[in-house]
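Taking it in order: structure first as structure tokens, then the write-up.
The values are calculated or read from the model by the stated rules, or taken from the named source; none is laboratory data. This is a predicted model, so every value here is computed, not measured. Heads up, the Cβs are rebuilt from the backbone with ideal geometry, glycines too, and the neighbour counts pull from every protein chain shown.
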Amino acid sequence: MSLSAPLFPNELAEPILWHPVIFAYALVISGADLIILASLAYISRRMMKAIPLLLVLGVSFFSAALLGPLADLRQPSRASLIYSLAHLFPTATNPGFSFIALYANLWLLLLILSIAFLLIYQSYPMHLKSLEGGRLKSLYKVFSLGVSDGERYRRLASLITVIAILTIIPAVLWGVYPSVLLVFQTWIFLWRSWVILPVIFFADTFVASTAAALLVYFIIKLGKLDQEVVSPLLKIHSAGCVSVTGLLGVQLLLWNQWFEESALYPAFNVVVPIIYFVIATLLLSFLLALASLKVPRLSIIVSIVALVGVVMNKWNTLVNGQLISRTGMGLFDLHLPTDWLLTTISPIAAAILIFVILSSLFPLEVKEVGK
């Protein structure tokens with residue numbers, strides 16, 4: 001630890017207030033961006049072949065989103081109070097409102113909407129699966145919601161469109177969370193100085209979501225990829241990579257302008273070198289994505305390279321960002337609790353498990369929707 005300025009109270013006792021579980025939390029939030037993509041695809045009637053994969057993967061990851069903060073609570077048994085005693089409106093005795101409670105309720109709203117989207121969208125395909133027989137025939141029939149013919153399914157298009165539209169606002173709000181919480185609800189020096197962090201976080205999460213979708217699609221198809229699914233995902237992924245690298249470059253320029261002549265500037269060395277690494281990695285993923293438009297099998301490399309960049313970026317932001325003291329003039333050594341790896345991996349593992357279960361029930365490809 002090197003310090004050249006006074007500490008705020010308790011900084012020396014616990015310099016890392018937000019443990020790495022928030023890093024896993026930030027990754028599974030990519031489910032919200034997958035839901036956004038599925039909604040926009042259905043509304044615009046584009047990327048139709050990718051919708052089943054995006055929906056199932058999005059619901060799987062987003063449903064595990066609150067496991068991160070739950071693992072970080074001192075008393076997880078009291079978690080339900082965030083709904084029953086949510087402080088969403090200011091009162092005379094309690095001014096302000098609970099930012100975390102607001103997002104917990106938005107999580108529940110978005111989860112209900114996205115599950116409804118998934119069930120209604122998959123209703124007729126589930127009916128077709130029930131006709132194939134098998135041990136799960138009765139379960140498939142339940143999930144068909146009584147939609148047993150293409151004409152009835154086509155009449156549900158308007159309802160599905162409305163649900164898709166309703167999911168977008170809470171999904172976008174979740175796409176920038178917890179970056180908004182970090183910038184506006186904490187006094188960590190780096191986060192308070194990272195003024196465009198919510199925009200970077202949103203674009204970065206889009207890169208994570210498209211990279212995850214490309215990786216999962218490659219695995220389930222064993223490399224036999226459909227260009228109608230891969231091509232639009234690669235184009236969105238490319239745009240995300242360019243956006244993140246550009247925004248990170250802008251933030252570096254802002255820090256140089258604000259702090260270059262200041263005694264605060266040396267502290268930024270804890271994050272700046274990794275930002276350059278992230279920029280290089282995402283630019284490489286962008287170039288590989290362009291090549292993958294011609295050679296789709298390269299998409300697996302695109303996704304792996306991008307995920308390395310995203311993981312480094314989020315760790316750098318959420319964990320390394322706390323190593324700068326609140327005065328901005330000192331650095332802390334990183335000391336993690338002994339169980340940090342288990343608590344970090346658990347939400348991601350839970351999201352993967354949910355995806356395995358849902359993908360065994362719902363088809364990830366719908367070839368003839370409504371017919």
Selection within segment 284-332 - among the hydroxyl-bearing types (Ser, Thr, Tyr) and closer than 25 Å to residue 260 by Cβ
317, 325, 327
Within segment 283-304, restricting attention to residues that are of a type in the set (Gly, Ala, Ser) and over 19 Å from the mean Cα position of the chain (by Cα), which residue is nearest to residue 218 (Cα to Cα)?
299
Exactly one condition in (1) over 23 Å from the mean Cα position of the chain (by Cα); (2) part of a helix (DSSP H, G or I) is not met by residue 224; state its number.
(2)
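Take the residues of segment 118-152 that are hydroxyl-bearing (Ser, Thr, Tyr) and more than 16 Å from residue 51 (Cα to Cα): which is surrounded by the fewest Cβ atoms within 10 Å (Cβ to Cβ)?
138
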Residue 159 - would you say it is surrounded by fewer than 15 Cβ atoms within 10 Å (Cβ to Cβ), closer than 30 Å to residue 281 by Cβ and either without any contact (Cβ under 8 Å) to a residue 60 or more places away in the chain or over 20 Å from the mean Cα position of the chain (by Cα) (or both)?
no
In segment 314-323, is there at least one residue being among the charged types (D, E, K, R), assigned to a helix (DSSP H, G or I) and crowded, with 21+ Cβ neighbours inside 10 Å?
yes
Would you point out the residue of segment 330-363, among those that are buried (at least 20 other Cβ atoms within 10 Å of the Cβ) and not in a helix (DSSP H, G or I), that is modelled with the highest pLDDT?
362
Hey, can you tell me all the residues within segment 243-258 that are closer than 18 Å to residue 321 by Cβ and without any contact (Cβ under 8 Å) to a residue 24 or more places away in the chain?
252, 256
Against the condition of a type in the set (Val, Ile, Thr) and over 29 Å from residue 246 (Cβ atoms), how does residue 169 come out, does it pass?
no
Do the conditions hold for residue 236, that is, is it touching a residue at least 40 places away in the same chain (Cβ under 8 Å), of a type in the set (Val, Ile, Thr) and closer than 30 Å to residue 356 by Cα?
yes
Failed condition for residue 273, given (1) in contact (Cβ under 8 Å) with a residue 40 or more places away in the chain; (2) surrounded by fewer than 16 Cβ atoms within 10 Å (Cβ to Cβ); (3) farther than 20 Å from residue 199 by Cα, with all others met?
(1)
So which helices (runs of 4 or more DSSP H) are wholly in segment 107-221 and hold at least 3 residues that are basic (Lys, Arg) and either farther than 30 Å from residue 248 by Cβ or modelled with pLDDT of 90 or more (or both)?
150-155
Which residues, taken from segment 1-35, are among the polar types (S, T, N, Q) and at pLDDT below 65?
2, 4, 10
